[in-house]
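See below for the structure under consideration.
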Amino acid sequence: MKKDIIYVRSTLGKKRKHKNKKNKNSIITAERNMQRSENTGKLKVAMIILPVIIILIIITALFFGVREITKMSAQYNIENSRETSQVKEVFSPEDLENSEKLMTVVSPDNPLASDYKTDLVQYENIKIDRLVLNGLTQLMEDAKKEKLSLVITSGYVSKDEQDKLYQKEVNRLMQSENYSQARAETQAEKTFPKGNCADEQTGLSVKFSTESGKNFENSKEYIWLMQNAMKYGFVLRYPENKEYETGITANPSLFRYVGTENATKMRTLNMCLDEYAAYLNARNY
């Protein structure tokens, strides 16, 4: 009987210990579940908040980006207005009266009309049409103020002089490049067109260079001209990327007077003279 009691007590103790251990494990498990639940909750909150933060960052970036672009646009408009006002200061009323003459396009495919008249005047060592005088004079004076060694090498060229230049180039190509006569004549027209087919005969074109006469296209004088020529009514007659439109090889030295209003519009539209004249004709029809 005593042994039975001892056995019962022993068994009860083991049961109590097992029950306590089980309770303890349950508590630990519950705590872990709670921790996991809390972590899951935090993760869910983070997953909600993070996209919101990203969206806010994007919106903020867009806001400041748009504001900066607006500022830049406003600044550009201000500078453009200033530039336009500067252009108008050099504008000659004669440009309006001679708009048709200023838009004269001369090329191998479009010879100069037989009734075309030039009003030639002397400027330094060249001849130019009177329409060019004011703009060219102002351009050279301002270039001098900028301490640029800009010089004029050529202006008006007569038909006879142009024919001689053309024939000289034909002979050079035949002798130096071994071109056939037909090929030489075709190639020569791209650089030295025949008489009545060269822009120089209008008296509205001038050729620029530097005092050294070397690498004009890479000179500061050329860069200045490209940035400022339109203020005085000049445009590059044969741009490098417009050879298809002009039919003439690119020439960084030859600038053509078209008047400040036309020059400004040509720059805005990114057109050469041939394109711009066709554009105006299309609008008039």
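List every residue pair whose Cβ atoms sit under 8 Å apart, with the two residues 6 or more apart in sequence or on different chains, where the first one lies in segment 250-262 and is at positive phi and the second, anywhere, is among the acidic types (D, E) and surrounded by fewer than 24 Cβ atoms within 10 Å (Cβ to Cβ).
So the pair list comes out as G259/D95.
Need the failing condition index for F216 against (1) under 25 Å from N125 (Cβ atoms); (2) modelled with pLDDT of 95 or more, just the number.
So F216 meets the others, but not (2).
Would you pick out the residues in segment 241-254 that are among the charged types (D, E, K, R) and in contact with a helix residue (DSSP H, G or I) (Cβ under 9 Å, 6 or more places away or on another chain)?
Matches in segment 241-254: K242, E245.
Report whether or not A198 is over 18 Å from Q138 (Cβ atoms), touching a strand residue (DSSP E or B) at 6+ places or on another chain (Cβ under 9 Å) and in contact (Cβ under 8 Å) with a residue 60 or more places away in the chain.
Yes; evaluated as a whole, the condition is true for this residue.
Select from segment 198-213 the residues that are of a type outside the set (G, A, S) and at pLDDT below 95 and list them in ascending order.
T210, E211
Tell me which residues, restricted to segment 194-218, are within 28 Å of L173 (Cβ to Cβ), open to solvent by 10 Å² or more (accessible area, probe 1.4 Å) and out of contact with any helix residue (DSSP H, G or I) (no Cβ under 6 Å at 6 or more places or on another chain).
C197, E200, Q201, K207, S212, G213, K214, N215, E217, N218
Could you check, for segment 248-264, whether at least one of its residues is among the basic types (K, R) and modelled with pLDDT under 95?
no
Which residue, of T153, T186, is open to solvent by 60 Å² or more (accessible area, probe 1.4 Å), among the β-branched types (V, I, T) and in contact (Cβ under 8 Å) with a residue 24 or more places away in the chain?
T153
Would you point out the residue of segment 156-183, among those that are acidic (D, E) and under 29 Å from L120 (Cβ atoms), that is least open to solvent (accessible area, probe 1.4 Å)?
For segment 156-183, the residue satisfying everything is E169.
Could you please give the count of residues in segment 129-147 that are open to solvent by 30 Å² or more (accessible area, probe 1.4 Å) and in contact with a helix residue (DSSP H, G or I) (Cβ under 6 Å, 6 or more places away or on another chain)?
So the answer is 1.
Could you identify the single residue in Y232, Y257, Y222 that is surrounded by 18 or more Cβ atoms within 10 Å (Cβ to Cβ), farther than 15 Å from S205 by Cβ and touching a helix residue (DSSP H, G or I) at 6+ places or on another chain (Cβ under 8 Å)?
Y222
Run down D142, D115, D129, D119 and say which single residue is modelled with pLDDT of 75 or more, among the charged types (D, E, K, R) and touching a Leu at 6+ places or on another chain (Cβ under 6 Å).
Checking each option against the conditions leaves just D129.
The values are calculated or read from the model by the stated rules, or taken from the named source; none is laboratory data. Every value quoted in this text rests on a predicted model; they were computed, and no experiment measured them. Neighbour counts are summed over all protein chains in view; Cβ atoms, including those assigned to glycine, are modelled from backbone coordinates with ideal geometry. The accessibility values were calculated without ligands, DNA or RNA, using every heavy atom of the protein model including side chains. Shrake-Rupley method; radii C 1.70, N 1.55, O 1.52, S 1.80 Å.
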